[in-house]
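The values are calculated or read from the model by the stated rules, or taken from the named source; none is laboratory data. Given the structure is predicted, the values throughout are model-derived calculations rather than measurements. Ideal geometry is used to build each Cβ from the backbone, glycine not excepted, and the neighbour counts take in all protein chains shown. For accessibility, only protein heavy atoms count, side chains too; no ligands or nucleic acids. Shrake-Rupley method; radii C 1.70, N 1.55, O 1.52, S 1.80 Å.
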Amino acid sequence: MKNITDTELNVLFRRYVEEYSDLVSRLCIVHTGNYSDAEDCFQNVFFKLFRELKKGGPPNAKAWLITVALNECRSVMRYRLRKNTVDLNELMIPFEDKKDIEMTELIFRLAPDQRDSIYLYYYEEYSVREISEITGIKENTVKSHLKRGREQLKKYLTE
């Protein structure tokens, strides 16, 4: 990307925020399970995007945002003690219908790696190879996370 003016930078940044804020928001909420932590991650992701746009911008904004969001969530989870979580029904999550919220509640119960893989595969429609590239995890490991996550979700749904 060529050098752009501050006005062009702001317009581009706003366009990315408009286009990807729901994606990043859902991913952060699903990964952290905590609205406050998700909000912190969300802000950090878009702050990093703004800095990246000043340098010329990422080649694939969506994949870049997902990677940064996952890394940001991992950092928060690693360094912050999570004492309080909020019931999903109390949150303003950008999901279309009640079934999405109910399924998300079940996904919250999965291990973080399974949760990430399930979310990226089913909600963002990434392939196993793309998830592997985004998360830095081997393809076979992603497949294992998906398999275990599906088995666990099936168990939850039959209970």
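Taking Cα pairs under 8 Å and at least six residues apart, what relative contact order does the stretch 1-78 come out at, in percent?
Numbers: 56 pairs, mean separation 29.6, N = 78.
After rounding, I find 38 percent.
Each peptide in 52-60, 118-126, 30-38 was scored by the mean count of other Cβ atoms within 10 Å over its residues; highest first, the order is 30-38, 118-126, 52-60.
A straight Cα-to-Cα reach below 16 Å connects Lys99 with the lysines Lys154, residues fewer than 8 places away in its own chain not being considered. Counting only protein heavy atoms and using a 1.4 Å probe, the accessible area of Arg26 comes to about 40 Å². Each of Thr158 and Arg109 was given a label point 7 Å from its Cα along the Cα-to-Cβ line. The distance between the two points is 1.4 nm.
Using a Förster radius of 30 Å, what is the FRET efficiency between Arg51 and Ile137 based on their Cβ-Cβ separation? Nearest 0.05, please. That pair, Arg51 with Ile137, gives E of 0.70.
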